[in-house]
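One structure is given below, encoded as structure tokens.
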Amino acid sequence: MFKKIQVGIICLAVACFIGAVVSYAGLPTIVAASLSLTVTTILWNFLLSHRSTTKVPEAERNQQLALAPPAGFGLVYVSRELKLAGGAIGFDVELDSQSVTQLKAGRFTRVVVAPGTHLLKAGPQKAFGQTALPDKGEITFTLSAGETAVFTFGIKRSMMKSAVEVIREPDVQLALAKLATCTMVAPDKPAEAAQVSSSLGYGAR
């Protein structure tokens, strides 16, 4: 609630500023109102959907990419494709209904999971401007102990609407090589937590 109040104050200030500038320029009131509404709507959705994340240092990223799954567990990498359109809007990532992190374009994260069947979801928290993204993209997958899986989320556009799509990369080694050029962010829950207990980490369904 407090965040919404803060965002609301910021948006109100921006709307007043835009309205004053446009009016000073001598443009019709309807133009000032339309421009203010458009900008503040985009700003409102962006600020509400944004959350802070922790970037992993490059050396640590490379080290983690080279690690094999811990004994009795599997590894899941989740990434956002690198595209300018919608790239600044964070995708909230969930694994088995637990928050993992938020990813912007060109970023990825890594989680340790128990073997079994899992549900992975990702997408924007709010519809953003004209993209009007629907529900989060999701995929159900099975992972074995010692197995590594890489998933890529992106925005698929069409004439009518946009949608979030997810792909399980068929070539894991090639996908990991591509991730070595991307920014890695830490998951909300330390990867080691999944190794302690499935109730603490990302257990099988």
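Values quoted throughout were computed directly from the atomic coordinates according to the rules given, and no laboratory measurement underlies them. Keep in mind that what you see is a predicted model, and the values were worked out from it rather than measured.
How long is the gain from GLN64 to GLN98 if the chain were fully straight, where each residue apart is worth 0.36 nm and the alpha carbon distance is subtracted? Intermediate values should be presented prior to the final figure.
Working: separation 34, 0.36 × 34 = 12.24 nm, distance 2.19 nm.
Full extension of this stretch gives 10.1 nm more.
Among the aspartates and glutamates, which have Cα under 18 Å from the Cα of LYS178 when same-chain residues fewer than 8 positions away are ignored?
The qualifying aspartates and glutamates are GLU58, GLU60, GLU81, GLU169.
State the extension gain, in nm to one decimal, for the chain segment bounded by VAL172 and PHE141, taking 0.36 nm per residue of separation less the distance between their alpha-carbons. Before the final figure, lay out each step's value.
On the way: separation 31, 0.36 × 31 = 11.16 nm, distance 1.49 nm.
Separation in residues times 0.36 nm, less the Cα-Cα distance, equals 9.7 nm.
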